[in-house]
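One structure is given below, encoded as structure tokens.
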Amino acid sequence: MRRWASLLCCALVTAAAQAQSGRQALAAGTESYLLADYQRAVPLLSLGLDPATAVPDQAWVHGVERLADVLLVLRQDSLATTWLRWATRLSPDFAVDEDAVPPAVVRAARRARAFVDSTPSDPFVSRTEFRWPPTFRSADRGTVQLSGANVPITARIGPDQFLRGGESRTLPTGSYDVVVSAPGYLPARFTIEVLPGVETLVHASPLPETAGLLYVSARPWGTLFIDGQRVGYTGVAGHRVLPGSHALRLVRDSAATIDTTIQVAERQPVRLSWITARETTGLARLDSAARVLDAGDTERGAELLRLFLLTQPTTSGATLRAVALARLAEALWTLRVRDSARACLRTMVEADPFYAPPGDRFNPELRAAYQKVRREVPVIGLHAPTDTVLVPARDSLPLALAVGRPGDVRLYLRPTTGPSHDSLLAVISVDSLAAVRLPLTTADGTALPPGPYAIEGNLAGSPLGNPARDVLALSVQRLAIDTSPHLPPPAATAYLPETRRGRLTGRTVFEGIGLGAAVVLVPVVINDGDLSGRSVPLAAGLLGTSIALLKIALTRPTQPIQENVRFNELQRTQWEARNRKIAAENALRLRRTPLQVRTTESP
């Protein structure tokens with residue numbers, strides 16, 4: 001019974017998929033995906049991705065994301081990879097929303113992008129079309145058909161499959177390297193993806209072995225047309241053209257359109273350079289490599305830049321390395337080594353987050369890649385004036401921040417000598433570049449004491465093992481200033497006596513005599529008259545008398561002299577007030593005294 005129920009369910013799913021097409025299938029597949037009905041979502045989403053009925057827009061991108069997610073959940077990783085590679089190859093601007101899709105889809109999409117960038121492609125001698133099946137099943141195989149041509153052509157698909165023009169072959173889903181060749185013609189190499197149930201038509205137009213090579217370098221960038229056919233954005237490197245005369249047009253948004261005619265001989269490399277302004281850095285090797293690139297010799301220029309980056313010391317300056325990496329990324333992008341170009345862009349952002357390539361250097365494709373790469377790199381940079389003089393009472397230290405990936409930046413100030421403690425200065429949300437002014441005062445408003453300090457910036461959300469941070473070392477020195485010394489305390493002779501002795505009382509005399517008698521009594525008791533010859537020792541009498549007199553003198557009551565007390569207190573109050581006034585005047589002078597601040601990149 002269960003078997004019949006399963007068959008009935010599959011039949012209903014197939015019938016539903018057949019009834020859907022284009023946007024309807026995509027919408028139905030999205031609904032099934034949101035309801036976690038993955039078995040039904042797969043055929044509907046696959047059907048809705050037909051490029052003939054669904055333009056690769058945002059809805060189409062979401063469809064690819066959801067299909068890849070479903071296939072990964074269903075443990076069909078290889079099929080999910082094939083779909084992502086196909087979408088990336090079909091639409092160069094394809095990119096998943098990394099903030100919305102699961103991490104597994106993000107990782108698979110990045111691997112698919114790296115694979116597509118590393119595989120050969122030649123859109124001018126080959127193109128593909130797709131015929132979508134009425135229904136989809138993940139287990140189906142795909143079909144590859146090689147269209148006919150004016151010359152006898154042969155295609156090798158993968159390691160062991162061969163097709164002649166007009167023939168087709170059924171193959172398992174996946175990616176295949178294709179080499180189309182014909183006698184007397186240059187081989188065309190490219191990669192295709194075979195999808196389940198989809199018929200892939202390969203159209204190839206191989207060029208003769210005598211074709212020339214066209215190199216075009218332009219700044220500002222432009223769009224190149226040859227004989228009315230759009231080639232693409234500049235730069236162009238190694239573009240095959242038939243021998244003979246060709247009309248070229250360079251269309252630019254920020255400059256006049258250029259029309260020219262070129263004559264191409266057999267196997268001749270033709271190099272065109274339309275550079276309106278050349279940039280120089282002052283480094284002979286870097287400028288020489290840039291001139292080679294500007295002249296259209298892309299391969300040699302890229303090799304010179306690689307050699308420069310390998311041999312140039314890192315202490316030569318982060319900005320110069322960033323310039324070299326930007327030029328190398330531009331050359332590699334022109335040579336269609338897209339994955340290596342993105343790696344150069346990533347290293348460029350890490351070398352100097354403040355560096356931004358000029359707007360006329362990167363064409364729209366490369367600039368889009370640069371902006372995407374930049375927002376993926378967790379890096380932060382801090383810049384401050386190298387040597388500046390500030391008045392703490394009214395001025396603050398200007399600080400520039402640059403980040404790759406947007407996020408919150410925490411700025412800390414800490415002394416680099418003595419007890420270590422951090423003070424949180426600010427928390428700033430930075431998208432790319434930001435400016436902030438930091439006060440050089442302590443929490444109570446006084447000027448920062450002279451000495452060495454460090455400002456550290458941390459980017460929130462950076463990897464734990466490799467946090468994005470940058471440190472600026474500060475040397476704070478106060479300029480020369482004259483301060484008033486504090487007044488010494490009044491001399492003891494300046495104070496009047498505050499007490500005086502009063503009259504003797506009977507109690508005082510009685511207590512003194514009693515104490516003296518007690519002192520005499522002890523020797524009398526222990527005295528042996530037979531031995532001493534006296535009833536009272538003379539020493540005891542003298543001691544008792546002395547103690548009695550001393551007791552009477554010391555216990556004589558004292559009386560305060562109120563006038564003298566008030567006078568002395570006024571003396572002390574006036575002294576303390578004058579010193580407080582001097583301290584306030586000195587603090588005000590210190591606040592108004594300029595500080596000289598020197599900064600370096602690292603402490």
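When the Cα positions of Leu250, Gly238, Pro220 are compared along the charge dipole of the chain, Pro220 comes out farthest toward the positive end, with charges on each C-beta of Lys, Arg, Asp and Glu. Extension gain, Ile275 to Asn150, is 41.0 nm, computed as 0.36 nm per intervening residue step minus the present C-alpha separation. Accessible surface of the chain, 1.4 Å probe: 55 percent of it comes from carbon and sulfur atoms.
The heavy atoms of Lys372 offer some 90 square angstrom of accessible surface to a 1.4 angstrom probe.
Each Lys or Arg adds one and each Asp or Glu subtracts one; over the other residues with Cβ under 12 Å from the Cβ of Leu307, this totals +2. Computing FRET efficiency as 1/(1 + (r/R0)^6) for Leu542 and Asn564, where r is the C-beta to C-beta distance and R0 is 45 Å, gives about 0.75. If you take all other residues with their beta carbon under 11 Å from the beta carbon of Leu186, and give Lys and Arg +1 and Asp and Glu -1, the sum is +1. In a shell of Cβ-Cβ distance under 15 Å around Pro206, excluding Pro206 itself, what net charge do Lys and Arg (+1) and Asp and Glu (-1) give? Value of the local net charge: +3. Across the stretch 257-267, computed HN-Hα scalar couplings (Karplus, 6.51 cos²θ - 1.76 cosθ + 1.60, θ = phi - 60°) run 6, 10, 10, 8, 10, 10, 10, 10, 8, 4, 6 Hz from first to last residue, x flagging Gly and Pro. Taking all C-alpha pairs of the chain, those more than 42 Å from each other amount to 53 percent. Based on the Cβ-Cβ distance from His203 to Asp97, what FRET efficiency comes out when R0 is 25 Å, to the nearest 0.05? Here the calculated transfer efficiency is 0.15. Along the axis of the charge dipole computed for the chain (Cβ charges of +1 for Lys and Arg, -1 for Asp and Glu, origin at the Cα centre), the listed residues Gly165, Leu304, Gln263 are led at the positive end by Leu304.
Per-residue ellipticity at 222 nm from helix content only, as computed over the chain with -39500 (n - 2.57) for each DSSP H run of at least four residues, stands at -12500 deg cm²/dmol. Working from label points 7 Å from Cα in the Cα-to-Cβ sense, the Leu74 to Arg336 distance is 3.4 nm. First obtain the Kirkwood hydrodynamic radius of the stretch 81-121 from its Cα pairs, then insert it into the Stokes-Einstein equation at 10 °C and 1.306 mPa s, and state the resulting D in µm² per second as a whole number. The diffusion coefficient I find is 155 µm²/s.
Its residue count N fixes a reference of 2.2 N^0.38 Å for the stretch 327-479, and the Cα radius of gyration divided by that reference is 1.24.
With the gyration tensor restricted to C-alpha atoms of the stretch 101-188, the semi-axes of the equivalent ellipsoid amount to 28, 18, 11 Å, longest first. Simple spin-label estimate for Leu487 and Tyr38 gives 8.7 nm between the two label positions (7 Å along the Cα-to-Cβ direction from each Cα).
Taking the charge dipole of the chain about its Cα centre, with +1 at Lys and Arg Cβ atoms and -1 at Asp and Glu Cβ atoms, the residue from Ser423, Tyr412, Val116 reaching farthest to the positive side is Ser423.
Along its principal axes, the stretch 156-275 has C-alpha extents of 50, 32, 20 angstrom, given from the largest down. Kirkwood Rh over alpha-carbon pairs of the stretch 97-139, then Stokes-Einstein at 37 °C and 0.692 mPa s: what D in µm² s⁻¹, rounded to an integer? Approximately 240 µm²/s, per Stokes-Einstein. Taking every alpha-carbon pair within the stretch 21-96, the share separated by more than 16 Å comes to 41 percent.
The dipole here belongs to the chain: it is taken about the Cα centre, uses +1 on the Cβ of Lys and Arg and -1 on the Cβ of Asp and Glu, and is about 1140 debye. Per-peptide packing, taken as the mean over residues of other Cβ atoms within 10 Å, places 227-240, 335-348 in the sequence 335-348, 227-240 from highest down.
Values of log10 I(q)/I(0) for the stretch 389-454 across q = 0.12 Å⁻¹ run -0.36, by the Debye formula with one identical scatterer at each alpha carbon and no solvent.
The values are calculated or read from the model by the stated rules, or taken from the named source; none is laboratory data. These numbers come from a predicted model, not from an experiment. All Cβ positions, even for glycine, are placed from backbone atoms using ideal geometry, and neighbour counts span all protein chains on display. Just so you know, the surface numbers come from the protein's heavy atoms only, side chains and all, with ligands and any DNA or RNA stripped out. Shrake-Rupley method; radii C 1.70, N 1.55, O 1.52, S 1.80 Å.
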